[in-house]
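The values are calculated or read from the model by the stated rules, or taken from the named source; none is laboratory data. Source: prediction; values computed, not measured. Cβ sites come from the backbone with ideal geometry, for glycine too, and all protein chains shown count toward neighbours.
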Amino acid sequence: RKEVEQDPGPFNVPEGATVAFNCTYSNSASQSFFWYRQDCRKEPKLLMSVYSSGNEDGRFTAQLNRASQYISLLIRDSKLSDSATYLCVVMYNFNKFYFGSGTKLNVK
Amino acid sequence: GAVVSQHPSWVICKSGTSVKIECRSLDFQATTMFWYRQFPKQSLMLMATSNEGSKATYEQGVEKDKFLINHASLTLSTLTVTSAHPEDSSFYICSALGEAGELFFGEGSRLTVL
């Protein structure tokens, strides 16, 4: 079983739509959680960290469910510029990171 | 946010030559850096963990004699692909561990070996 699993998509949505991605992780000792966005042929860029209480940054909301071992990312009012691959990243032991394979989003 | 710079962005070399890629943390000290490679439409694959002042820790299946990693200072790690061959052509990305535990990535280096 993979350490971190994501639906690869692609998610094809119209502009203005709300879209949600989930990511599950297998190690219950995982400490920190992040969402990154990666554009084609570019490096991943930190979108937001994910906190137990949930956090919001503009149109983006991230949630963590430790009991069920998943994190989610909600994007409201999708823009064309949101088209990218979204990577779920889980850290444990302070320097061990596991990456999901990424979820591709196409906003049209 | 923290910035990590990677150089060169693109490199084309002949088979058998060695290529050095630099990864610098520009506004913070990074005791730990990571090196990845990524093939088209695939996820990042961790190659090794680079710790300042000590030997790198390589992932299973990654040849340490082929991919030399040096982390001589708190702001610089280098990856040298020795005797590169066409199958080494890939997108190589470094990342540095920030103070809050997040990863900051370099811009990546696209290597093409002819």
(request) Mind telling me which of the residues A:Ala84, A:Ala20 ends up being modelled with pLDDT of 95 or more, of a type in the set (A, V, I, L, M) and touching an Asp or Glu at 6+ places or on another chain (Cβ under 7 Å)? (result) A:Ala84
(request) Run down B:Phe28, B:Phe39 and say which single residue is modelled with pLDDT under 95, surrounded by fewer than 19 Cβ atoms within 10 Å (Cβ to Cβ), over 21 Å from A:Lys96 (Cα atoms) and not hydroxyl-bearing (Ser, Thr, Tyr). (result) B:Phe39
(request) Could you list, in sequence order, all residues of region B:8-43 that are away from chain A (no Cβ under 14 Å) and on the phi > 0 side of the Ramachandran plot? (result) B:Gly16
(message) Only one of B:Ala72, B:Ala100, B:Ala2, B:Ala84 is surrounded by 17 or more Cβ atoms within 10 Å (Cβ to Cβ) and either modelled with pLDDT under 90 or under 13 Å from the mean Cα position of the chain (by Cα) (or both). Can you tell me which?
(response) B:Ala2
(message) Looking at region A:1-32 only, could you name the residues that are of a type in the set (A, V, I, L, M, F, W, C), exposed (fewer than 15 other Cβ atoms within 10 Å of the Cβ) and either touching a helix residue (DSSP H, G or I) at 6+ places or on another chain (Cβ under 7 Å) or part of a strand (DSSP E or B) (or both)?
(response) A:Ala20
(message) Residues to consider are A:Ser32, A:Ser101; find the one that is within 10 Å of chain B (Cβ to nearest Cβ), in contact with a Phe, Trp or Tyr (Cβ under 9 Å, 6 or more places away or on another chain) and among the small types (Gly, Ala, Ser).
(response) A:Ser32
(request) Would you tally the residues in region A:43-66 being within 22 Å of B:Ala96 (Cα to Cα) and either in contact with a Lys or Arg (Cβ under 6 Å, 6 or more places away or on another chain) or at pLDDT below 90 (or both)? (result) 3
(message) What's the number of the only condition in (1) within 14 Å of chain B (Cβ to nearest Cβ); (2) part of a loop (DSSP other than H, G, I, E, B) that A:Ser68 fails to meet?
(response) (1)
(request) Go through region B:4-37 and count every residue that is touching a residue at least 60 places away in the same chain (Cβ under 8 Å), under 22 Å from B:Ser73 (Cβ atoms) and either in a loop (DSSP other than H, G, I, E, B) or small (Gly, Ala, Ser) (or both). (result) 8
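Kindly indicate whether B:Val62 is closer than 27 Å to A:Gly100 by Cα, under 11 Å from the mean Cα position of the chain (by Cα) and more than 14 Å from chain A (Cβ to nearest Cβ). It would help to see each step written out before you state the result.
On the way: closer than 27 Å to A:Gly100 by Cα: yes; under 11 Å from the mean Cα position of the chain (by Cα): no; more than 14 Å from chain A (Cβ to nearest Cβ): yes.
It is false that B:Val62 is closer than 27 Å to A:Gly100 by Cα, under 11 Å from the mean Cα position of the chain (by Cα) and more than 14 Å from chain A (Cβ to nearest Cβ).
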